[in-house]
Amino acid sequence: NSSSVKEFILLGLSENQGVQKIYFAVFLLFYMLTVAGNLLIVLTVTSSQNLNSPMYFFLCHLSFVDVCYSSVTAPKMISGFLVENNTISFAGCIGQLFGLHFFGCTEIFILTVMAYDRYVAICRPLHYPTLMSRRLCGRMVGGSWVGGFLHSILQALPTALLPFCGPNRVAHYFCDVHPLLGLACADTRATGLAVVVNSGMISLSCFLILIVSYVVILVSLRGQTPAGWHKALSTCGSHITVVILFFGPCTFVYIRPSSDLSEDRNVAVFYTLVAPMLNPLIYTLRNREVKGAMRKLFRR
């Protein structure tokens, strides 16, 4: 690696000292809620005999991914609010970039798998047990992890091989491809295009798959009774909410060329911290079975 830069300075969300202290308190609370809420779901699902359907198997993995995903960026960002210069080593920076894309992409794939699960449950209820076998569910989750890994290698490797010789101030609160491309002492147009194609296309195509799956579900409900509609929409409603919260900002950041990074920073807070924090709330508040299992867990 011809890089002479040994470390980067993360500029964070704000230069204002007073604002930083407020951010510290707010984001520390967010992060603690994210970890506690998601681990509670993992514990609830793994310890309950009733929550053994594929939906909860996927939810358990989603919650685990959320803990890992927010842990890649949040602790560094939160501690950065308390120091003058929030520095990160070159290896740490590339590691953060890798982790962010690994867990983020795995989450995208798991959300897509969950949509397929809902589609089969609602549109082909009689075939559901055979179509969504334990083996297939395991393979789908395994495929999500492998897909996330391959995607992040394709993001981290080209970025790590770029020469960095000049400014080392990253205009973001974590190391991502766009902010780093701006600091490389080489022509990064090809790498930049590859990033948009890779990240942008994954988030956009999965988002479209999700939208189509929900349209199909809604069309298939035409002849249903109001009770059937209500049941289907209550199971899908929480998933749609999570999808919009996560994919909206994600697609916005990666689908367009990187010009204005200050917007990206604010939008990124949504998919790195807010969405992972809200997931457990969204899934538990709308779900009687999970609430019941949690009560049992607390009694124990």
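Regarding region 80-96, can at least one residue be identified that is under 28 Å from His178 (Cβ atoms) and among the hydroxyl-bearing types (Ser, Thr, Tyr)? Outline the logic, then answer.
The first filter runs over region 80-96 and keeps only residues under 28 Å from His178 (Cβ atoms), leaving 80-96.
Still in the running and among the hydroxyl-bearing types (Ser, Thr, Tyr): 87, 89.
Within region 80-96 (the criterion being under 28 Å from His178 (Cβ atoms) and among the hydroxyl-bearing types (Ser, Thr, Tyr)), the answer is yes, since at least one residue qualifies.
Scanning region 94-125 for residues that are free of Cβ contacts under 8 Å to residues at least 60 places away in the same chain and either under 15 Å from Pro54 (Cα atoms) or touching a His at 6+ places or on another chain (Cβ under 9 Å) (or both) yields Phe102, Thr106, Ile110, Val113, Val120, Arg124, Pro125. Of everything listed in (1) within 30 Å of Leu10 (Cα to Cα); (2) open to solvent by less than 20 Å² (accessible area, probe 1.4 Å); (3) in contact with a helix residue (DSSP H, G or I) (Cβ under 6 Å, 6 or more places away or on another chain), the single unmet condition for Val267 is (2). Scan region 214-230 for residues that are part of a helix (DSSP H, G or I) and farther than 26 Å from Leu111 by Cβ and the total you get is 2. Picking from residues in region 9-68 that are over 21 Å from Gly104 (Cβ atoms) and among the β-branched types (Val, Ile, Thr), the one that is modelled with the lowest pLDDT is Val19. Among the helices (runs of 4 or more DSSP H) confined to region 97-199, the ones with at least 1 residues that are open to solvent by 30 Å² or more (accessible area, probe 1.4 Å) and either at pLDDT 85 or above or of a type in the set (Asp, Glu) (or both) are located at 128-131, 134-160. Of all residues in region 52-76, those that are free of Cβ contacts under 8 Å to residues at least 60 places away in the same chain and either farther than 17 Å from Tyr116 by Cβ or of a type outside the set (Gly, Ala, Ser) (or both) total 7. Within region 36-77, being among the aromatic types (Phe, Trp, Tyr) and either part of a loop (DSSP other than H, G, I, E, B) or open to solvent by 20 Å² or more (accessible area, probe 1.4 Å) (or both) holds for Phe57, Phe64.
Here is the figure for region 78-87: residues that are of a type in the set (A, V, I, L, M) and either in a helix (DSSP H, G or I) or farther than 30 Å from Arg169 by Cβ (or both) total 1.
Every test in (1) in contact with an Asp or Glu (Cβ under 9 Å, 6 or more places away or on another chain); (2) open to solvent by less than 10 Å² (accessible area, probe 1.4 Å); (3) not in a helix (DSSP H, G or I) is passed by Phe8 save one, and that test is (1).
The values are calculated or read from the model by the stated rules, or taken from the named source; none is laboratory data. Here the structure is a predicted model, which is why all the values come from computation and not from measurement. Ideal geometry is used to build each Cβ from the backbone, glycine not excepted, and the neighbour counts take in all protein chains shown. Each accessible area value is taken on the protein alone, full model and side chains, heavy atoms only, with ligands, DNA and RNA left out. Shrake-Rupley method; radii C 1.70, N 1.55, O 1.52, S 1.80 Å.
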